[in-house]
Amino acid sequence: MISQATVVITVFLGILTFVVPRKYFLLPFILAACFVPADQRVIIFGLDFTPLRMLVLVGFFRTILWEEQLTFKWNRFDKLVLAWAICGAFIYVIQWANMRALIYKCGVLFDVIGLYWLFRINISSWVDVKLATKVFAVCSLVLAVFVGLEWATGTNPFAILGMVGTKVREGRYRCQASFPHSIMLGLFWATMVPLFIGFARQDKHKLLLWSAVAASIFIVAATASSTPVLTLLIVLIILCGYGWRKYTASVGWGILVSLVVLHIVMKAPVWHLISRINVVGGSTGWHRFYLIDQAINHFGEWIFLGCRSTAHWGRGLSDITNQYILEGIRGGFVTLALFLVMIYMALRTLLRLSLQHQEHKQQFLAWCFLVIILGHCVSFFGVSYFGQIMMWWYMTLAAVSFLYDDKKRGRRIVIHETTLPRRQKNKI
């Protein structure tokens, strides 16, 4: 079911999607992600249509009717994203072998490919990224007001739009606003902070962007959840390492070697360290450790075609609070491998762009996107994504694909300049 207020908002956003100038195309999608609960949907012939999914349909029609750019030149990263999505869907359908699984995965593919495609053709420059960032910044300030009311009263203002509420843990309200869970709300804005800071350092609207940073930090704190708080702390620390980014590979290898050494000398496996994380109190770190431990112990069950249920692994393990494990459970080891390769390619692209781009502003912005991806990587250990944050994840991937092309263009420019005769170089 869908509330009347949500219907009105969705119709308004649909009209907005159809009529706004192309440079503002992302605006309705951002508004829907920030302010419309994800549980709202219309069921037609057994098919679920959420507000975001309806906007994707409108976006398709707009692009076709207005004869806007329908295609783009697929790069390696685009193909990898497509392979990850299709492989996961194909294996899941084979695993369940029924019409319900087919319909479900068709819906998931529609979200992944539809959102990614629309974002991909509408994010083609840094100007597009900057405009989307400013829209997110304004939304964070508005949402912070609603979160403040929820934090002070324990009543969720978005309850009139959907089945959202406010949970209490150890005497603290866990605010969730329009999001399906407080952790999703916190992670959404924790991973947005590097983007705000990146443009705040070089844009004339500094007050707006720094205010958005403060609003995002407040929202994360109001969720009273360890995973968003820890993710925010890590992204801020990594963001401060911009000046030492050329040592990123060495730091990465150092962390890997340290984990191997710890695994050898510790009585428990190294992933047992997750059970000791308790940033805000009342965390379920042990559950997350136990899930990883049992996923490794039951590797043979899900390596080929995943598995239908993890309930038999242990008490409470039907709740898969780990995105990496979820990829393997639903799509087998191949889907998990494609997911990891996709992340690795994104990180490598962003690091190289940050090191090699000719413009210092773009170097820092590329580093900010790298930090965003790393923030998602950290959060994947504590939660599996659902709800509106998926839109932000697909938008991030689309932006990375644009930056992948930007890296290739920058490399061609450098090669071209080095092959010019000395006199021509001096003229340039």
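Values in this text are rule-based calculations from the coordinates and carry no lab data. All values derive from a computational prediction rather than experimental measurement. Cβ coordinates were reconstructed from backbone atoms using ideal geometry, including for glycine residues, and neighbour counts include every protein chain displayed.
What the table below lists for this structure:
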{"quantity": "Sum of side-chain charges, Ala249 neighbourhood, beta-carbon under 13 Å (Lys, Arg +1; Asp, Glu -1)", "calculated": "+4"}
{"quantity": "Residue-averaged 222 nm ellipticity for the chain, from DSSP H runs of 4+ at -39500 (n - 2.57), nearest 500", "calculated": "-22500 deg cm²/dmol"}
{"quantity": "Relative packing of peptides 161-174, 103-116 - highest average C-beta neighbours within 10 Å first", "calculated": "103-116, 161-174"}
{"quantity": "Relative contact order of the chain, pairs being alpha-carbon contacts under 8 Å that are 6 or more residues apart, as %", "calculated": "19 percent"}
{"quantity": "Charge sum, other residues only, whose C-beta stays under 12 Å from Gly114's C-beta, Lys/Arg counted +1 and Asp/Glu -1", "calculated": "+1"}
{"quantity": "Cross-link partners of Lys204 among aspartates and glutamates (Cα-Cα below 17 Å; sequence separation of 8 or more within a chain)", "calculated": "Asp128"}
{"quantity": "Which listed pairs, of Lys246/Lys267; Lys79/Lys361; Lys206/Lys361; Lys246/Lys361, have C-alpha distances above 23 Å, in listed order", "calculated": "Lys246/Lys267; Lys79/Lys361"}
{"quantity": "Distance between region 337-412 and region 234-258 - C-alpha centres, whole angstrom", "calculated": "15 Å"}
{"quantity": "Two-site FRET efficiency, Ile15 against Ile43, from Cβ-Cβ distance with R₀ of 35 Å, rounded to 0.05", "calculated": "0.95"}
{"quantity": "Linear extension gain, Lys361 paired with Lys267, 0.36 nm per residue minus alpha-carbon span", "calculated": "29.2 nm"}
{"quantity": "Disulfide-incompatible cysteines by the Cβ rule (no partner under 4.7 Å) in the chain", "calculated": "Cys87, Cys106, Cys175, Cys240, Cys307, Cys368, Cys377"}
{"quantity": "Residue-by-residue Karplus 3J(HN,Hα) for region 231-242, coefficients 6.51, -1.76, 1.60, Hz, glycine and proline x", "calculated": "4, 4, 4, 5, 5, 5, 5, 5, 4, 6, x, 4"}
{"quantity": "Set of aspartates and glutamates near Lys130 by C-alpha distance (under 20 Å), chain-local residues within fewer than 8 positions excluded", "calculated": "Asp203, Glu359, Asp405, Asp406"}
{"quantity": "Theoretical gain in end-to-end length, Arg352 to Ser258 [0.36 nm per residue, Cα-Cα removed]", "calculated": "31.4 nm"}
{"quantity": "Radius 12 Å from Cβ of Ser275, net charge of other residues (Lys, Arg +1; Asp, Glu -1)", "calculated": "+1"}
